[in-house]
Amino acid sequence: MENTTSPMYQFCGSDFWDADKTWWTTDPDFTPCFEKTVLVWAPCAFLWLFVLFDVYYLKASFDQNIPWTKLNISKLLINIGLLVITALDLIVALVKKNDISIHAVDIWSPIIKFASFLLTFLFITLNRKYGVQTSGCQFLFWFFLTVLSIPRCRTEVRAEKERGQKLDWTDQEDWEGYQYISFFIFFAFSCVMLLLNCYADSLPRQTKYQRGQNEIPELSASFLSRITYHWFDAMSLKGYRKPLEQEDLWDLRPQDSCKEVMPTFAYHWNKNVRKNYKKPSPSEPNAKFINGKVSFDNPHGERNGRKKGMASIMPAIYKSFGGVFLFGSVMKLITDVLTFAQPQVLSLIIGFVEDYEKDPQPEWKGIMYSVMLFVLAATQTFILAQYFHRMFIVGLRIRTALVSAIYRKALRISNSARKESTVGEIVNLMAVDAQRFMDLTTYLNMLWSAPLQISLALFFLWQQLGPSVLAGLAVMIILIPVNGFIANRIKTYQIRQMKYKDERVKLMNEVLSGIKVLKLYAWEPSFEKQVLDIREKEIATLKSTAYLNASTSFLWSCAPFLVSLVTFATYVLIDENNVLDATKTFVSLSLFNILRFPLTMLPMLITNLVQTQVSVNRINKFLNSEELDPNNVKHDASKPHPMTIENGQFSWGDDDVTLKNINIEVRKNNLVAIVGTVGSGKSSVIQAFLGEMEKISGTVNTVGKLAYVPQQAWIQNATLRDNILFGQEYDRKRYNRVIDACALRADIDILSAGDLTEIGEKGINLSGGQKQRISLARAVYSNADLYLLDDPLSAVDSHVGKHIFEEVIGPKGLLAGKTRVLVTHGITFLPQVDNIYVMKLGEISESGTYNELLKNKGAFADFLIQHLQEGEEEEEELDQIKRQLSNSIDAPELLGTVEKAIKLARSESLSDSISVTSADSLMGSLRRRTKRQESNDSEASAASLKKKQEVEGKLIETEKSQTGGVDFAVYKHYIKSVGVFLAIATLALNFVFQAFQIGSNLWLTKWANDKDVANDTSRRDMYLGVYGAFGFGQVTARYISGLCLALGCLSCSMDVFTKMLNMVFKWPMELFDTTPLGRIISRFSKDIDTVDNTLPTIMQQFLSTCFSVLATIVVISLSTPIFLVVIIPIAILYYFAQRFYVATSRQLMRLESVSRSPIYSHFGETVTGVSTIRAYTVEDRFIEESDAKVDKNQVCKYPSMIANRWLAVRLEMVGNLIILFASLFAVLGGQKNPGLVGLSVSYALQVTQTLNWLVRMTSDIETNIVSVERIKEYGETKQEAAWELEQDKSKPKHWPEEGRVAFENFKVRYREGLDLVLRGVTFNVAGGEKVGIVGRTGAGKSSLTLALFRIIEAAEGRILIDGVDIASLGLHMLRSRLTIIPQDPVLFSGSLRINLDPFDVKTDDEIWRALELSHLKTFVKSLPAGLNHGISEGGENLSVGQRQLVCLARALLRKTKVLVLDEATAAVDLETDDLIQKTIRSEFKGCTVLTIAHRLNTILDSDKVIVLDKGVIKEFSSPTELLDNPKSAFYSMAKDANLI
């Protein structure tokens, strides 16, 4: 009935709402009043409400001035058209008001529409002016306006039909006819506006940042494209066609770059820092901008302002990034509410099906419910994607801000503060702690969202089931501490496993560093066993973890079931009248499913929060630590001298004073030397000039640009040229002068790519001397005014030192016109300096010129004497010193000391005197690994490497970054390693688990549909019992399948590890030379860890998601078989989304991890070289470099995050389609079983999440199975010859019995493709002869011994020992029957006993005797642990001499007929050397001894001497014969060594 008195009737001329017309009918329609008011006003209200966002975007826009295009002109024109038509409506209504009854609505609606259209018109022009290319608010306005006008279309068309049947029209009908026409024009225009708003305007003309070709399409994508991530399609297509490279990626969005993020953060941080001072500081504008640089305030302020507390990063983070975060939180709230709307709609659908039998509802309602379900799900999808996107951006920006803040701080932190933490810890702040924030932001909203979801779910459950919900909740709550307990146990196991892993990796590291020694001694099996023992312990720990993990997953999988069982049981048992029906059952089930997520998340979130809190504290501590005081050094140009310290007292930031009473003045263009014994404070004076030390009192003044050469050269990971230019322009002439002066020319020629050769981190492929010279060249090139040189000559050979002093530092050098301070140990140069300061115990004991100081006979004379006694000088230098002294002064005691020193040096003189190129330069370029710088075996190959510049200076093969998919063979290999039985068992059990689950759900539907249960309790109990039994089956199947998989994976990881270990131990030496240690270690740590921990978890999740997707499809098809028709197109959609995503995402992740490490390594480099960076004042350049590296990482990170959203939107839409069809078919298919319908729709509701997970898991498996691929690759590499052969057993136990060694036309090379090192060597050594082998560096001496042990295999010819060709023996047979005392004494961590006898075959007496003979007995006796004395890594806790003696003891224990003695080049102190020589003469009397000599005097008493030159034997006879012949090469060597 029409209620004509109501106010709405007066307003509209019809009822506002009529339920009979709209709801209780088979032909639903709205009343005209509702259509003209609500359906028009709602979109307008939306526009006015949300226009604030548009205002915000206008303010935030970086750009201006979009050119006029067809698009925005069309928008304007149509908008004007709408304004005209609306104005016309209003005018016509006002004109006709008097003639016919026109209601208020016909006047108000046009006014409201007109105002709204005016607003959109205004924003079209504003957006154009301020460069906003698309507006979400406007798009949604037109969308709602168009959609909500559709019902009125139907009404108008019907009315027009009725009017068309009349012949004559009244005025009233004329008015209605006019409204019909005007409405359709308005409707058409709205549709066009909606269409136009689907596209974005073109690029603005004026932009704040250069918008290049490569800009990210998102910036100019339309709103529609943004919410569907359509703009990302291009990237995923490209990634699918070919693996993506760095060049394919888009530029970073300007608002995420350091340039934009940093100033905001710095502004809030500085404000926060200032708050901490009691003294109010003058208010300050936004973050100070100095040509794009951001300055941070010192949290320690001026020294006078007192500090109240620590400044925290949190407030700065809230204020800088809180806005975006809050916007995200609002989105999260909306999706949470929408989640709970779904079960409500589900109950409507079940109700619809239930009424089908008795009193069927009209079909349109069922369709409407299905569509509602779909719309809810789709809205949720879009909003959730935007929410994650926002959170991710916040995380990225926080990370950018923190990384940059930490970097800037590290450049200013004081030395005392730096001592508190190691470089590694500081780098971790960046790598771990800043990363934590990023991981947390996504989940932070769960803090309020989880409790909200839980309380909403409980509220709706209570409505369904009343108080019995509490029983179910109790089960959930009890499970949380149980899980917590298990998680704690797992954690203790994990810590234990980490400990074993560290031990294992450390041992592997040592073994691989000393692999050459292991091979020479044939000790590999013993060490392999040690590694495997640790590995077994590790696997045992992992097994325990696996049991626990199975029980957690078992608890979580049975949790939902237990909860529903307990709840339903309580519900039906507490009251006879409580009956389960379909609605109650399935609505409750879907609510329980919603409950599961927040309950799992909360405990995880809390642990994450705690970890982040720790991170915040660590970052705060670092950012608040003390900074260097910029006032330590004044720059007062009015002072007479460029560098002075007056009455200086300095400390390193602790209380004790390091330097006191320092008065130094350096006149302009003078060279001043600072000398003194070790630890007297020489370097500290230099640091004081730099302002690195804390000044307690006095003044320091420097005027002019500084250059600084530190004692330990700091080399960047860049090309050699970049290291010297250090950010300056390349000036070829100056550069070449510097290179020659610093004696770098020869080194550069050796490097394969010249000065463009890349230098490894910390200068790993350079020798110490080269690093020092590069560091010096950098200073010289910088062309500064003041030079601080901290002992730059210590690491170079004496003649190079002399050259550098003359060419660079000295009075005639390049720096002659500069002011320079030189710390030095070299006494030879002192007469040429202008002034000398002598340091003693942190004070200046005397100063003056060289001659003045000598006359004083004070500290300087003592220093000279002490220095001479250490005997480090070479002989020619000593002669020079002697001349200088005798010329300058009569000082008999000094001259006496010099004489003694000269004698000492004579005896030590080396046979290999090498030219300026110095062996070390060759070495470094060759061996990229410091630990393996064996001296001589590489020179020959250096020469050949030089010739073959095939690989530009890369000795090390570059690691292959895998691209594309992973071969099926890898999966096959993995499954085979797991074991076929376990693999099949796991699959079968997963299947059984799903079968039980579907069974229990079908049983529930049977129960819910059974009408007799209400009257029959025994029947009810039967249902309950069977339901419980199904549950028990699920739980058991789940637990066992979890265990099977975990144990299978573990047996697999043990298997692949053992294989790989075995293979790597059997690698030939050349492979170790071309593969960097780090890469092998990474296979043994990172990749094995993935196989141990990551793969099993992913496999588990993959299997369970896979089966649950199948289960969903089965259930839906059971209830509505027609669904199978839709499944095929949906599956195809899904497959394509998945393939595109996996290809793109995998490559993006690889690129991201490749671009992430440079941030940290650059930071680590900066922290180590911070004093150099500060001295040259290039902080800004380094900050820019760091920012660029962070931005480059974001460039890779951002698309990989978008790829996730892109996929999520597409997959969830696929899932939403499944929901739509499942519910539509249920409603339309005439399904009479409400239980089944409830089941299939509630399954469909879960499917979106599962599908999403499935793709994630597939892609994770592909990403992580790469580890198996890499391990497999190492298991298939080239192997050396067999260790043991059958025929070895026939050899006598004491073979070789005589020790005859014969070389027959022997040729050998280091690796395929290199030149020969020995070219046809032939000689015979009788049993028991002592033979010395001499030759200049690179003659092939070491190659001879390596060939004897078959470390390098013959290219031609053969070696016979006792007449047996060694190539016919097993390697271990051969190597264990020869003894060697290697050049570098290599020790392994472990007990002393293991280092002497790793196989544990010798008795204690034998070991003690060996120790006695090697003069170690007294030392070992004095150790508390005796033979079990722990030796640290590399034998660090023994002196070099003692290590050499341990090697001698090893030889004595083994004592075979052939001994090879590779003399130590390192100047072992003479005593040790004598001891070794004596012992060898007495103990190895009857043995054949081959000695590779570096000092000629050690082999003068040998039977024969072999003189090698360039791989050929020059001379072979007894030393006396050779010395009698003045033409022999040996004679000239002896002459060089002053032995004749």
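Quick notes on this one:
- When both bridge partners sit in the chain, DSSP labels roughly 55% of those beta bridges antiparallel.
- Between E1184 and A1355, the contour length at 0.36 nm per residue exceeds the alpha carbon distance by 56.2 nm.
- With kT/(6 pi eta Rh) evaluated at 25 °C and eta = 0.890 mPa s, and Rh the Kirkwood radius from Cα pairs, region 87-187 diffuses with a coefficient of 156 µm²/s according to Stokes-Einstein.
- ³J(HN,Hα), Karplus 6.51/-1.76/1.60, whole Hz, each residue of region 1517-1527, x for Gly, Pro: 6, 6, x, 4, 4, 5, 6, 6, 9, x, 7
- 0 to 90° range, to nearest 10: angle between helix 1234-1274 axis and the chain longest Cα axis: 10 degrees
- Between helix 859-869 and the chain: long-axis angle, C-alpha atoms, 0 to 90°, nearest 10: 80 degrees
- When region 455-520 is described by a simple charge dipole with +1 on each Lys and Arg Cβ and -1 on each Asp and Glu Cβ, the residue from L458, L473, G514 located farthest towards its positive end is G514.
- Look at the Cα gyration tensor of region 1399-1540: its axes a ≥ b ≥ c give a/c of at least 1.5 with a/b over b/c, and that counts as prolate.
- With Cα atoms as the point set, region 463-597 shows a radius of gyration and Dmax of 25.9, 87 Å.
- Placing a label point 7 Å from the Cα of I606 along the Cα-to-Cβ direction, the residues of region 481-503 with a backbone N closer than 19 Å are 481-492.
- Residue list for region 972-1002, given a label point 7 angstrom along the Cα-to-Cβ vector of V1026 and an amide N cut-off under 18 Å: 995-1002
- A simple charge model with +1 on the Cβ of Lys and Arg, -1 on the Cβ of Asp and Glu and nothing else charged puts the dipole of region 571-635 at about 280 debye relative to its Cα centre.
- Fraction of accessible area attributable to carbon and sulfur, region 1172-1237 (%, probe 1.4 Å): 57 percent
- Whole-number D in µm² s⁻¹ for the chain, Kirkwood Cα-pair radius fed into Stokes-Einstein, 25 °C, 0.890 mPa s: 62 µm²/s
- Pairwise label distance in nanometres, V375 with E758, each label 7 Å out on the Cα-Cβ vector: 5.8 nm
- The calculated FRET efficiency for the pair L458 and V330, based on their C-beta separation and a Förster distance of 25 Å, comes to about 0.60.
- Percentage of interatomic Cα-Cα distances in region 1-81 larger than 19 Å: 65 percent
- Of the solvent-accessible surface of region 586-742, computed with a 1.4 Å probe and all protein chains present, 50% belongs to carbon and sulfur.
- At the residue level, M314 shows approximately 50 square angstrom of accessible surface with a 1.4 angstrom probe and all protein chains present.
- Dipole axis of the chain (+1 Lys, Arg; -1 Asp, Glu on Cβ), positive-most option in P67, I1113, F1163: P67
- Relative pair counts by distance (%), Cα atoms of region 339-490, 10 Å bins: 8, 19, 22, 22, 14, 9, 4, 2, 0
- Residue-normalised accessible area of region 506-638, expressed per residue, 1.4 Å probe, Å²: 38 Å²
- Rounded to the nearest 10 Å², the accessible area of M310 at probe 1.4 Å: 110 Å²
- Looking at region 1201-1291, the accessible area is 34 square angstrom per residue; that uses a 1.4 Å probe and ignores ligands, DNA and RNA.
- Rounded D (µm²/s) - region 417-540, Kirkwood Rh over Cα pairs, Stokes-Einstein at 25 °C, 0.890 mPa s: 121 µm²/s
- Paramagnetic reach from F1323 (point 7 Å along Cα→Cβ, amide N under 11 Å) across region 1369-1386: none
- With all protein chains kept in place, the per residue accessible area of region 652-756 amounts to 42 square angstrom at a probe of 1.4 angstrom.
- Sulfur and carbon atoms: percent of accessible area, region 3-123 [1.4 Å]: 72 percent
- Computed with every protein chain present, the accessible area of H803 is close to 60 Å² [probe 1.4 Å].
- Available extension along the chain between E420 and L987 is 198.8 nm, counting 0.36 nm per residue and deducting the alpha carbon span.
- Extending 7 Å from the Cα toward the beta-carbon at both T1520 and I477 defines two label points whose distance is 10.3 nm.
- The V1364 and K1402 beta-carbon pair, evaluated with R₀ = 22 Å, returns a calculated FRET efficiency of approximately 0.25.
- All C-alpha pair distances within region 151-237, sorted into 5 Å bins from zero, spread as 3, 11, 14, 13, 10, 8, 7, 7, 7, 7, 6, 4, 2, 1 percent across the bins.
- Peptides 1442-1449, 116-123, 1454-1461, 1355-1362 ranked from most to least packed, by the mean per-residue count of other Cβ atoms within 10 Å: 1442-1449, 1454-1461, 116-123, 1355-1362.
- Which of K113, K1330 is most accessible, then next, and so on - probe 1.4 Å: K1330, K113
- Sorting the segments 1092-1101, 661-670 by their residues' average number of neighbouring beta-carbon atoms within 10 angstrom, most packed first, yields 1092-1101, 661-670.
- Net length gained if the chain between S1051 and Q1477 were fully extended (0.36 nm per residue, minus Cα distance): 148.2 nm
- Among I349, V833, V531 - extreme Cα towards positive end, dipole of the chain, charges at beta-carbon: V833
- At R0 = 56 Å, FRET efficiency that the Cβ-Cβ distance of L1133 and T1074 yields, to 0.05: 0.70
- Taking the three principal axes of the alpha carbon atoms in region 58-144, the coordinate ranges are 55, 21, 20 Å, sorted in descending order.
- Between K1291 and D1315, the simple label model (points 7 Å from Cα in the Cβ direction) yields a spacing of 3.4 nm.
- Highest average first, the peptides 356-362, 1477-1483 ordered by how many other beta carbon atoms sit within 10 Å of their residues are 1477-1483, 356-362.
- The fraction of all Cα pairs in region 657-809 landing in successive 10 Å bins from 0 to the largest distance is 10, 39, 33, 15, 3, 0, given as whole percents.
- Cα gyration tensor of region 1117-1266 - equivalent ellipsoid semi-axes, whole Å, descending: 52, 13, 11
The values are calculated or read from the model by the stated rules, or taken from the named source; none is laboratory data. Keep in mind that this is a model prediction, so the values were computed, not measured. No Cβ is skipped: glycine too gets one built from the backbone with ideal geometry, and neighbour counts run over all protein chains shown. Areas reflect the complete protein model, heavy atoms only, side chains present, ligands, DNA and RNA absent. Shrake-Rupley method; radii C 1.70, N 1.55, O 1.52, S 1.80 Å.
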